[in-house]
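Undergrad: What follows is a single structure, and I will ask about it in a moment.
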Amino acid sequence: MSASVDTATATPVPTRRSRGETLRLYGRRLLRQPIATVGTVVFIIFLLMALFGPWIAPYGFEEQSIPDRLQSPTLQHPFGTDNFGRDVFSRIVVGARGIFLLGGTGTILAVMMGTTVGLISGYFGGLLDEILMRLLDVLLSIPSLLLALVLLGTVGPSLLNLILVVAVLYIPMIARVVRSVVLDLKTKEFVEAARIRGERDSYVLFREILPNALPPLLVEASMRFSYSIFLVASLGFLGLGVQPPSPDWGLQINEARNYLESAPWMLAFPALAISLLVVGTNLMSDGLRRVLQPGREDS
Amino acid sequence: MLSFIVRRLGFMVLTLILASLLIFAATQILPGDVATMVLGRFATEQALDNFRGEMGLNRSLVVQYGDWLFSFVQGDWGESLSTRADVRDLVLERLRNSAMLALVAFVMYVPLGIVLGVVAAIRRNSWVDHVISVGSLAFIGLPEFVTGLLLIAVFALRLDWFPSSSAIPPDAAFFDRHTLERLVLPALTISLVSLAYIARMTRSSTVEVLGMDYVRTAYLKGLSRSRVIGRHVLRNALLPTVTVVAIGIGWLIGGLIVTESLFGFPGIGRLLLFGIQRRDLPLIQATTMVIVVIFTMANLLADILYGYLNPRIRFR
Amino acid sequence: MATTTETTTGRGSRNVLEIEGLSVAYRTEEGDIFPVRDVSLTIGKGESFGLVGESGSGKSTLAMGAIRYLPANGRVTAGRVLLSGRDLLSLSGKEMRSVWGSRVAVVYQSPGNALNPSIRTGNQIAEVARIHLGMSKQEAHQRMLEMLEKVKMPDPESVARRYPHQLSGGMLQRCVVAQAMVTNPELLILDEPTTALDVTTQAVVLDLVAELKQEFDSAILYITHDLGVVARVCDRVGVMYAGEFMEQGAIRHLFKRPLHPYTLNLLGCVPHFSLGPRRKTLNTIPGFIPRLDELPEGCIFAPRCSLAEPECRVAQPPLVRAGEDHLTACRRWPVVPTPAEHMDTITADLMQARGEAENRLLEARDVKKYYPVPAQGPFRKDKRKVKSVDGMTIWIDEGRTLGLVGESGSGKTTMARTIIGLVEPTEGTISLRGEVLGPTTRSRTRDVLRRIQMVFQNPDASLNPRQTVGQSIGRPLALFGTPRGEIPGRVLELLEAVHLSPSYYRRLPSELSGGEKQRVAIARAFAAEPDLILCDEPIASLDVSVQGSLMNLLTTLQAEKGTSYLFISHDLSAVQHLSDWVCVAYLGCAMEWGDAGDVLNPPYHPYTEALLSAIPIPDPDVIQKNIRLEGSVPSAVDIPPGCRFHTRCPRFIGDICVEEEPPWREGEGDHWIYCHHTFETLVEMQKETLRLADHDHGSPGVEVQV
Ligand SMILES: Nc1ncnc2c1ncn2[C@@H]1O[C@H](COP(=O)(O)OP(=O)(O)OP(=O)(O)O)[C@@H](O)[C@H]1O
Ligand code: SF4
Ligand code: SF4
Ligand SMILES: [Mg+2]
């Protein structure tokens, strides 16, 4: 009927909804995005793998068996074995834990520190804000993989260092997101109403502002987590991640390079694992954004 | 406009100085004792002392930093600890190679990314959009070493269209079949992530512009769809893309490091890795600084271009 | 749905637009909704039809559906649309494009967004001429300049070369109108073209529309929620409610003798600008506009109608002819009371209840608030200041209301924020009952903070989206020392005071309408039991019927609790309705102030006079002076010397206004005017202008003169 024009002539007037309706609406929105649902399911499967890996894995991840080396996938070794005869499946399952530990802890740290910086910077503003933002700009002026390499190259790739590096890398981005939300909320009338009542800064920050900053923060955190997997795996591949013999997907792929033709499964399965997890997390965070912040396209 | 440029330039210089401080701190303060870091834990006290003297590590940190920065600005980037070669020559030569690789990738992903983003936005919620959007979400998540290895497995080992190693001679000419052939696979590898990134961002800015009142006005002026898109939408939608492309260079650099190592390509990323493996301090510092300068300049250029293209900034 | 074929016919012989039985549907997450159902109207050549109704009544949807420009989820489900006899709904997309822009043109609400920010305005206007009139570049350029002149644009050449962000709102709207008129379209749709503008600018744009009507013979469909605007520019009007017409007719008939309870109510709930006794309650409409997915059976207005009887709920009453050029959808139209009867029935006089309390509560003396101009470069700090408030003195008595009016940029909000301590004044003192207050909230005691509260303009941002109504109202109670156990009870009392049922206690703001949110915000302000509430445009963003009930609420609460208000508004009718004292501000400075009766009666300060003559009054017979302010408010960075109003003053004297600051002249009673003219000369001049306006009008039925 109408000409095919894809712009809105009017913003729909919000109709009143009860809370139950709102929740159901979120649920429906999520389910209406089958792709995001798939992403979430993939994420959860890997999360379970990370939690219960050692119980799921049929073999020890270090269990070498030279006679069994470079075996193609069989019932015994569903994903085949590597050049030391280790079970690829078990290494992947146990490796999930490392990824979640590094990426997850790093991201959580980054969220905590980034949120603190963003809250302070956005709420108090002024010179402090100016200084903090300039400092974050500096961190952002160095491409993240480069910064990670330099830091790990000089201090050495221990588990703690890896986590710290992930955190340092993502603090600026999270701080910026939080800051921009705070800047927006700070001028909102309900926050001014709190200041007029003489509420303390801590009340304003944690009761009035923070709860409203949570949805975008959640979205940002899930996105950062997916990047951190990417980063940790890349570091592993470059030899600056988790050190052997601990299982690490990036490292596994690096080892597989020399057996591309003779044992392609050594590459295929860890690559699949990384891709699935990162893509799944990406899809999940994209879905989260659509559910929690409809109308906003990308960040 | 001029004051805008001056302001941005000022910020860039400030950022660079702070970044140099950060790099200096990361390489010479964080590790604790530099001599031990470079020579290893089992070096003799004598050797450590000699090294410290040679590198001037006995001076105060402020002096060391000032000296280092001053020499760097002057073009004296020191001598490589592992190869004893002049760091500047080494870095500049590898930089040239990386620039070739980056350029090939750049001309592949920037236009394509923009086109895909715009198409997805115009056909919003159609299957074309879904394919592009989900595809870009997926590609953004695929690490370069995974895509690179897949490309090698298929195009080099299976089909044998391209060589699997991209080692090129130091004086390789750019427009040489031999060179270009070796650039294709790594360039493709680097492109995918950035391509996806640009497509996503372009899509979102285009979608935003499509919802603006002035686009409605344009349609209701009776303009054809192509004219509305070409004249009224793109102009505004591609403006943020300028910045996006510059930020994407950060991804490109990360991609370079991984890809060069994967393909054995003699670029600056591999040089950096080499430096890190050998704990070659001057080499690490110089490569990092060079990359940061380039990245910062790209952002500055993008800022200025953005300001120039945006009448709201140009005629403030 | 009964099909109504009846429409009022335009006075023109030829109908330009005929809409018959049009229905539009939107696909939504909850299924299809029908925002426009079986609607018909016609507009003749050279005629302007006003489409009024509250927000969400389907005005825009009707207009855009008729010209087939709906959002992607919208579609026309039934009906016929004829543009000069040609059926628009059967045209192909390509044919439709040749109609858009050449035979139909549209102007929207926000001029700032209607033009492309990265193309010079002139080129955007010329584009239409090139596409539809097949003109060459030069010809199109010529045509564009011609059009800019037609819309009275000063200096068209330079305006054409500028980008939209370099023009003011009023200028932009003129550019958009010029662009619309390039092809001399048969139909011009104006969708709330002045809602985003100041009254004074609105008046200029409305004059322009009236002139265009004379000059071009386009049919005009004028969409607005403001009955006053309709009275000023339209020949005929249709009142929409929840997707249907309630009433249609020539404006004189419809305003003099509305024949539908909804129209009558709409007219009753806006305060009329009249010089009679103030402070009556307004008639308001109980209940809400129904949700489109829960429309009532029968007459859709029945749940809110005081005349409803059981039969009304059986079948939807069709539009019937109730007089010459007058249709109504009310079954009981013969018994609909006249406006005068309607006013008399419910209005209660609130003035009686108030005694003579004359203690001064708040005094803000010589307040200045300067902001630094944002720096343009690291080495070029701008020393200039934005002078938001530039030496304003006001006081408020106990239990009384001070109304603060002025165009945007006059510093009203900054003044309120300074009083309450959200911003620190650059100069000046605020004192409460004689006690000088600290400059910021941090430096004030809890008791002082409690005594002054605020109600904000934007209902959507006034409440924390994550806190329930109970939490929002309970928090100030807890903070100011109500024992924990008593809080829920007090909250319920407060809810009742603002006419919300206890069921609202657990609701979140997202479950409330705009008016309900504002009620909660008012309850929250009263929770602190303050002496003074600053109301910063508390009703501006709401529908007229909701505005009316909120004004009633504010007046009754004041009568009950004796709280003082500072009522900030750009709407003089609302200010005169609520205020005891009035202060008229311009560019951060008071121009006239004193007792409301004195300020809003002649003699006026020239600025007040201009504001008054700009208000659209919902009565086609009222004669107003034709005083228009050209240009826009100057930048608060470069305030004009001498009298700051001299750049726009219609009563400008000469050098003295430019060189010398005017004196504050004191009139009889409590009345001060800041002008070089004496009271006597002002009286004389203003009488003369009114006589001229009266003469021009030349109609006998004069009622009120403003
Ligand atoms: N794209 C859309 N999708 C779904 N519902 C919509 C859409 N646009 C408008 N609506 C709904 O249709 C109804 C009519 O809206 P419309 O914008 O036509 O009203 P209006 O009278 O122009 O209101 P306003 O005075 O606020 O401009 C409203 O209930 C609105 O929420
Ligand atoms: S038809 Fe009945 S309910 Fe409807 S407006 Fe008339 S009197 Fe009221
Ligand atoms: S002083 Fe002069 S310019 Fe100012 S209001 Fe009076 S007449 Fe107008
Ligand atoms: Mg509308």
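The values are calculated or read from the model by the stated rules, or taken from the named source; none is laboratory data. Remember, it's a predicted structure, so these values are computed and weren't measured experimentally. FYI the Cβ positions are ideal-geometry reconstructions off the backbone, even for glycines, and counts take in every protein chain you see. Please note that ligands, DNA and RNA were not included when accessible areas were found on the heavy atoms of the full protein model with its side chains. Shrake-Rupley method; radii C 1.70, N 1.55, O 1.52, S 1.80 Å.
Undergrad: Does at least one position in the range C:67-77 carry a residue that is crowded, with 18+ Cβ neighbours inside 10 Å and either within 16 Å of ligand 3 (Cβ to nearest atom) or more than 10 Å from chain A (Cβ to nearest Cβ) (or both)? If you could, list the steps in order and put the result at the bottom.
TA: Step one: of the range C:67-77, the residues crowded, with 18+ Cβ neighbours inside 10 Å are C:67-71, C:74, C:76.
From what's left, either within 16 Å of ligand 3 (Cβ to nearest atom) or more than 10 Å from chain A (Cβ to nearest Cβ) (or both): none.
Scanning the range C:67-77, I find no residue that is crowded, with 18+ Cβ neighbours inside 10 Å and either within 16 Å of ligand 3 (Cβ to nearest atom) or more than 10 Å from chain A (Cβ to nearest Cβ) (or both), so the answer is no.
Undergrad: Check A:ILE209 against each of (1) of a type outside the set (Gly, Ala, Ser); (2) in contact with a Leu (Cβ under 6 Å, 6 or more places away or on another chain); (3) more than 7 Å from every other protein chain (Cβ to nearest Cβ); (4) under 26 Å from A:ASN282 (Cβ atoms) and name the one condition it does not meet.
TA: (4)
Undergrad: Within the range C:412-455, count every residue that is open to solvent by less than 10 Å² (accessible area, probe 1.4 Å) and in a loop (DSSP other than H, G, I, E, B).
TA: 1
Undergrad: State whether the residues of the range C:169-192 include one that is touching a His at 6+ places or on another chain (Cβ under 9 Å) and among the acidic types (Asp, Glu). Reasoning before the result, please.
TA: The initial filter retains those residues of the range C:169-192 that are touching a His at 6+ places or on another chain (Cβ under 9 Å), namely C:182-183, C:192.
When the remaining residues are screened for being among the acidic types (Asp, Glu), the result is C:192.
Yes, the range C:169-192 contains at least one residue that is touching a His at 6+ places or on another chain (Cβ under 9 Å) and among the acidic types (Asp, Glu).
Undergrad: Could you give me the residue pairs with C-beta distances under 6 Å whose first residue belongs to the range C:590-617 and is within 12 Å of ligand 3 (Cβ to nearest atom), whose second residue is among the charged types (D, E, K, R) wherever it lies, and which are 6+ apart or on separate chains?
TA: Every condition considered, the pairs that remain are C:HIS605/C:GLU592; C:PRO606/C:ARG651; C:THR608/C:GLU592.
Undergrad: Moving to a separate point now. Scan the range A:175-201 for residues that are out of contact with any helix residue (DSSP H, G or I) (no Cβ under 6 Å at 6 or more places or on another chain) and open to solvent by 60 Å² or more (accessible area, probe 1.4 Å) and jot them down.
TA: A:ARG176, A:SER180, A:ASP184, A:THR187, A:ARG200
Undergrad: Ok, one more. Within the range C:120-131, identify whether any single residue is touching a residue at least 12 places away in the same chain (Cβ under 8 Å), more than 23 Å from B:ASN310 (Cβ to Cβ) and within 8 Å of another protein chain (Cβ to nearest Cβ), and answer yes or no.
TA: yes
Undergrad: Given the conditions (1) of a type outside the set (A, V, I, L, M); (2) within 7 Å of chain B (Cβ to nearest Cβ); (3) closer than 30 Å to B:LEU309 by Cα; (4) touching a residue at least 60 places away in the same chain (Cβ under 8 Å), and given that C:GLY112 satisfies all but one, which numbered condition is not satisfied?
TA: Every listed condition holds for C:GLY112 apart from (2).
Undergrad: Still on this model: Report, by residue number, each residue of the range C:144-158 that is within 14 Å of another protein chain (Cβ to nearest Cβ) and either closer than 29 Å to B:ARG225 by Cβ or open to solvent by 50 Å² or more (accessible area, probe 1.4 Å) (or both).
TA: Applying the first criterion (within 14 Å of another protein chain (Cβ to nearest Cβ)) to the range C:144-158 yields C:144, C:147, C:158.
Within the range C:144-158, C:MET144, C:MET147 meet the criteria.
Undergrad: Something else about it: Yes or no: C:VAL107 under 21 Å from the mean Cα position of the chain (by Cα) and either touching a residue at least 40 places away in the same chain (Cβ under 8 Å) or within 16 Å of ligand 4 (Cβ to nearest atom) (or both)?
TA: On the way: under 21 Å from the mean Cα position of the chain (by Cα): yes; either touching a residue at least 40 places away in the same chain (Cβ under 8 Å) or within 16 Å of ligand 4 (Cβ to nearest atom) (or both): yes.
Yes.
Undergrad: Just to be sure I understand, how many residues within the range C:132-152 are among the hydrophobic types (A, V, I, L, M, F, W, C), assigned to a loop (DSSP other than H, G, I, E, B) and touching a Leu at 6+ places or on another chain (Cβ under 9 Å)?
TA: Here is the first cut: in the range C:132-152, the residues among the hydrophobic types (A, V, I, L, M, F, W, C) are C:133, C:135, C:140, C:144-145, C:147-148, C:151.
This time we only want the ones that are assigned to a loop (DSSP other than H, G, I, E, B), so: C:133, C:135, C:151.
Now drop any that are not touching a Leu at 6+ places or on another chain (Cβ under 9 Å), which leaves C:151.
Qualifying residue count, the range C:132-152: 1.
Undergrad: Now for a separate question. Of all residues in the range C:460-472, count the ones that are touching a Ser or Thr at 6+ places or on another chain (Cβ under 8 Å) and either more than 9 Å from chain A (Cβ to nearest Cβ) or open to solvent by 10 Å² or more (accessible area, probe 1.4 Å) (or both). Full working, then the answer.
TA: Filtering the range C:460-472 for residues touching a Ser or Thr at 6+ places or on another chain (Cβ under 8 Å) gives C:463-465.
Retained after the next criterion (residues that are either more than 9 Å from chain A (Cβ to nearest Cβ) or open to solvent by 10 Å² or more (accessible area, probe 1.4 Å) (or both)): C:465.
Qualifying residue count for the region: 1.
Undergrad: Name the pairs: first residue in the range C:476-501 and not assigned by TED's automatic domain parsing to the domain that holds C:THR555, second residue open to solvent by 10 Å² or more (accessible area, probe 1.4 Å) and of a type in the set (Val, Ile, Thr), Cβ to Cβ under 8 Å, at least 6 apart or on different chains?
TA: C:LEU477/C:ILE487; C:ALA478/C:ILE487; C:ARG490/C:THR482
Undergrad: Out of the helices (runs of 4 or more DSSP H) lying entirely within the range B:1-97, which hold 1 or more residues that are within 14 Å of chain C (Cβ to nearest Cβ)?
TA: Details: elements: B:2-24, B:34-39, B:45-55, B:61-74.
Of the helices (runs of 4 or more DSSP H) lying wholly inside the range B:1-97, those with at least 1 residues that are within 14 Å of chain C (Cβ to nearest Cβ) span B:2-24.
Undergrad: Let me ask another. Which of the residues that make up the range A:244-292 are farther than 16 Å from B:ILE152 by Cα, among the small types (Gly, Ala, Ser) and more than 20 Å from the chain's Cα centre (by Cα)?
TA: Result: A:SER246, single match.
Here is a yes/no grid of residues against (1) touching a residue at least 40 places away in the same chain (Cβ under 8 Å); (2) open to solvent by 30 Å² or more (accessible area, probe 1.4 Å):
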| residue | (1), (2) |
| --- | --- |
| C:ARG506 | no, yes |
| C:LEU512 | yes, no |
| C:GLU516 | no, no |
| C:ARG519 | no, yes |
| C:ARG524 | yes, no |
| C:LEU532 | yes, no |
| C:ASP536 | yes, no |
| C:GLY548 | yes, no |
| C:LEU557 | yes, no |
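Undergrad: Using the structure shown, decide if B:SER165 is over 16 Å from the mean Cα position of the chain (by Cα) and more than 24 Å from A:LEU260 (Cβ to Cβ). Even if it seems obvious, please write down each step before you answer.
TA: Details: over 16 Å from the mean Cα position of the chain (by Cα): yes; more than 24 Å from A:LEU260 (Cβ to Cβ): no.
No, not satisfied.
Undergrad: If only one of A:LEU218, A:LEU183, A:LEU162 is farther than 27 Å from B:LEU137 by Cα, touching a residue at least 40 places away in the same chain (Cβ under 8 Å) and more than 14 Å from chain B (Cβ to nearest Cβ), which one is it?
TA: Numbers: A:LEU218 fails: farther than 27 Å from B:LEU137 by Cα; A:LEU162 fails: farther than 27 Å from B:LEU137 by Cα.
None of the other options fit; the residue is A:LEU183.
Undergrad: Return the pairs, sorted by first residue and then second, in which the second residue is away from ligand 4 (no atom under 16 Å from the Cβ), the first residue lies in the range C:652-679 and is among the polar types (S, T, N, Q), the beta carbons are less than 7 Å apart, and the residues are 6+ apart or on different chains.
TA: Final answer for the pair search is C:THR678/C:ARG665.
Undergrad: Which of the following residues is within 16 Å of ligand 4 (Cβ to nearest atom) and surrounded by 22 or more Cβ atoms within 10 Å (Cβ to Cβ): C:VAL599, C:VAL582, C:VAL544, C:VAL575? Talk me through it step by step, then tell me what you get.
TA: On the way: C:VAL599 fails: within 16 Å of ligand 4 (Cβ to nearest atom); C:VAL582 fails: within 16 Å of ligand 4 (Cβ to nearest atom); C:VAL575 fails: within 16 Å of ligand 4 (Cβ to nearest atom).
Matching residue, one of C:VAL599, C:VAL582, C:VAL544, C:VAL575: C:VAL544.
Undergrad: Here's a follow-up. Which residue is farthest from ligand 2 (Cβ to nearest atom), if the candidates are limited to the range C:29-53 and must be within 14 Å of chain A (Cβ to nearest Cβ) and acidic (Asp, Glu)?
TA: Per the criteria, the residue is C:GLU29.
Undergrad: B:VAL110 - would you say it is farther than 21 Å from B:LEU180 by Cα and either part of a helix (DSSP H, G or I) or without any contact (Cβ under 8 Å) to a residue 12 or more places away in the chain (or both)? Full working, then the answer.
TA: Numbers: farther than 21 Å from B:LEU180 by Cα: no; either part of a helix (DSSP H, G or I) or without any contact (Cβ under 8 Å) to a residue 12 or more places away in the chain (or both): yes.
Here the answer is no, as B:VAL110 does not meet what is asked.
Undergrad: Does the range C:309-330 include one or more residues that are away from ligand 2 (no atom under 16 Å from the Cβ), in a loop (DSSP other than H, G, I, E, B) and in contact (Cβ under 8 Å) with a residue 60 or more places away in the chain?
TA: Scanning the range C:309-330, I find at least one residue that is away from ligand 2 (no atom under 16 Å from the Cβ), in a loop (DSSP other than H, G, I, E, B) and in contact (Cβ under 8 Å) with a residue 60 or more places away in the chain, so the answer is yes.
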